[in-house]
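Visitor: Before anything else, here's the structure in question.
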Amino acid sequence: MSQSAAPRSTWSNRWAFILVTIGSSVGLGNIWKFPYMAGSQGGSAFVLVYLVCVLLIGLPLLMAEISIGRRGKGNPVAAMLNVAGETGNTSWWGLLGWVGMLGALLILSFYSVVSGWIVDYLFKALTGFQVATPEAAQQSFAALLGNPYQLALWHSIFMAFIVGVVARGVVSGIEIANKVLMPCLFLILVLLTLWGWVAGDMSAAWHFMFDFKFSAITPTVVLAALGHAFFSLSLGMGAIMAYGSYLDKNTSIANTSLWVAAAGTLVGILAGLAIFSLTFQYGLQPGSGAGLILQTLPLAFFHMPGGNLFAVFFFLLVLFAAWTSAISLLEPFVSWLTERLSIHRPTAAWSTGLAVWLLGLASCLSFNEWNHYRFFGLNLFDALDYLTSRIMMPLSGLTIAIFVGWAMGRAAVADELRLKSRAFTLWFNVLRYIVPVGISLVFLSSILGWVE
Ligand code: TRP
């Protein structure tokens with residue numbers, strides 16, 4: 001049976017593709033995780049290693065994943081099957097598409113819950129709610145986590161916005177949403193960075209992020225940075241593959257990938273500068289980990305003049321970033337339902353959304369009522385995060401590198417990338433050797449518990 005009956009959508013132009021892919025990659029990872037990881041993993045050491053990892057591992061893999069999508073012209077499963085078939089490989093490779101699609105839905109279920117926290121804080125900022133002491137900041141966050149109804153409400157609202165976009169289609173839904181949200185995101189980010197410069201201690205932030213101390217590079221830092229490079233580029237979950245499948249033949253994959261990697265990194269750095277300039281200005285700790293933006297930053301908002309307005313813009317920024325990423329987590333499976341089972345797109349989007357929403361409800365409960373249900377000692381929320389980020393993402397990334405580097409055949413890969421021969425050879429060898437070794441290290445380290 002043919003994998004795609006209806007004509008497939010194509011992005012309006014190259015910039016539309018760059019924008020949606022940046023939208024997918026720039027998310028909670030860049031604005032929330034990157035600054036706090038930099039904060040707790042030695043500042044500049046982490047930043048520098050992260051940049052190297054993006055160039056050496058992230059970028060090559062990003063190009064590989066887009067190539068499969070575009071050549072396979074289909075949802076992640078169909079794309080893998082098509083390319084594997086064309087290059088004389090077994091249809092077992094189709095499994096990779098399945099792992100990606102299902103992994104993306106798992107991620108979405110808790111990503112939406114975290115995005116819900118951001119919605120909560122946005123409302124708090126809008127209604128003028130403030131915290132004056134570290135204890136108050138902790139208590140207000142704990143109160144949120146302890147309230148399943150509140151968590152579920154924000155999670156539901158967020159999911160509805162995601163489904164609403166995906167239901168409208170690739171060009172009239174996803175592309176339009178990104179064309180509106182991403183420019184807003186960049187504007188807000190620039191505004192906040194300038195504001196942080198005026199109102200905060202930008203020079204301390206700058207030194208913290210860029211004063212390079214060779215001694216601060218430890219194996220833990222390297223592994224954390226490598227894992228994060230992977231996460232922040234949305235690799236291995238079929239999202240980039242699905243987006244790549246709507247890309248026309250004439251666009252340069254290398255060129256667009258460079259834009260995406262550069263933009264994602266820039267966003268993380270600007271967000272870090274904005275956040276740390278305030279953190280240092282008010283004598284707060286940069287190394288507080290995951291609580292950095294929800295518990296440390298609100299204290300700075302309290303002390304700074306106009307802090308409430310800053311907070312509104314800040315949480316709006318995070319929300320926009322999360323929104324465009326979450327869209328790309330839903331699209332792979334929805335495209336499979338529409339293409340493989342010929343289900344009408346809105347129906348496909350709403351029913352997938354419903355399933356993800358239900359799983360998300362379980363995550364909301366895992367912080368309170370269901371906190372005693374444990375999977376290897378973790379509550380459901382943490383278990384899903386662990387399973388997807390530390391197991392599924394690295395394994396499917398590794399598989400993509402092996403497929404494109406070793407199974408697809410040099411001719412087909414070269415035909416898709418159309419690079420000058422020296423650039424191609426360089427890229428191909430990095431993908432064949434450096435990427436698999438790098439990912440295996442991250443994978444083993446997290447499984448064996450070498451990092452946090
Ligand atoms: N890159 C996203 C972020 O930084 C999160 C993410 C991880 C993701 N894997 C993904 C998004 C796969 C889409 C697809 O927040």
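The values are calculated or read from the model by the stated rules, or taken from the named source; none is laboratory data. Note that the structure is predicted; figures quoted are calculated from it, not measured. When we count neighbours, we look across all protein chains shown, and the Cβ atoms used for this are built from the backbone with ideal geometry, even at glycine. Ligands, DNA and RNA are excluded from the accessible area calculation, which covers all protein heavy atoms including side chains. Shrake-Rupley method; radii C 1.70, N 1.55, O 1.52, S 1.80 Å.
Visitor: How many Å² of accessible area per residue for the chain, probe 1.4 Å?
Guide: Result: 38 Å² per residue.
Visitor: Nearest 10 degrees, 0 to 90: what angle lies between the long axis of helix 307-340 and the longest principal axis of the chain (Cα atoms)?
Guide: 20 degrees
Visitor: Still on this model: Given axes a ≥ b ≥ c from the Cα gyration tensor, I'd like to know whether the stretch 260-411 is rounded (a/c under 1.5), prolate (a/b larger than b/c) or oblate.
Guide: Prolate is the answer for the stretch 260-411, as a/c is 1.5 or above and a/b outweighs b/c.
Visitor: For the stretch 85-149 and the stretch 212-234, what is the centre-to-centre distance using only Cα atoms, to the nearest Å?
Guide: The stretch 85-149 and the stretch 212-234 have Cα centres spaced 22 Å from each other.
Visitor: Here's something else I'd like to know. Taking the Cα atoms only, what angle lies between the long axis of helix 393-402 and the longest principal axis of the chain, rounded to 10 degrees?
Guide: 30 degrees
Visitor: Which one, W259, L319, V119, is farthest towards the positive end of the dipole of the stretch 14-448 when Lys and Arg carry +1 and Asp and Glu -1 on their Cβ?
Guide: About the Cα centre, the residue reaching furthest to the positive side is W259.
Visitor: With all protein chains present, calculate the accessible area of T347 using a 1.4 Å probe and round the result to the nearest 10 Å².
Guide: 70 Å²
Visitor: Mind checking the angle between helix 94-126 and the chain's longest principal axis? C-alpha axes, 0 to 90 degrees, to the nearest 10.
Guide: Around 20 degrees separate the two axes.
Visitor: Here's a follow-up. Would you mind checking the pairs K73/K420; K33/K124; K179/K249; K179/K420 and listing those with alpha carbons more than 28 angstrom apart?
Guide: Pairs exceeding 28 Å: K179/K420.
Visitor: Give me Rg/Rg_expected for the stretch 88-163, where Rg uses Cα atoms only and Rg_expected = 2.2 N^0.38 Å with N residues.
Guide: Relative to the rule-of-thumb radius for its length, the stretch 88-163 sits at 1.61.
Visitor: Output the Cα-based Rg and Dmax of the chain in Å, rounding Rg to one decimal and Dmax to a whole number.
Guide: 21.1, 64
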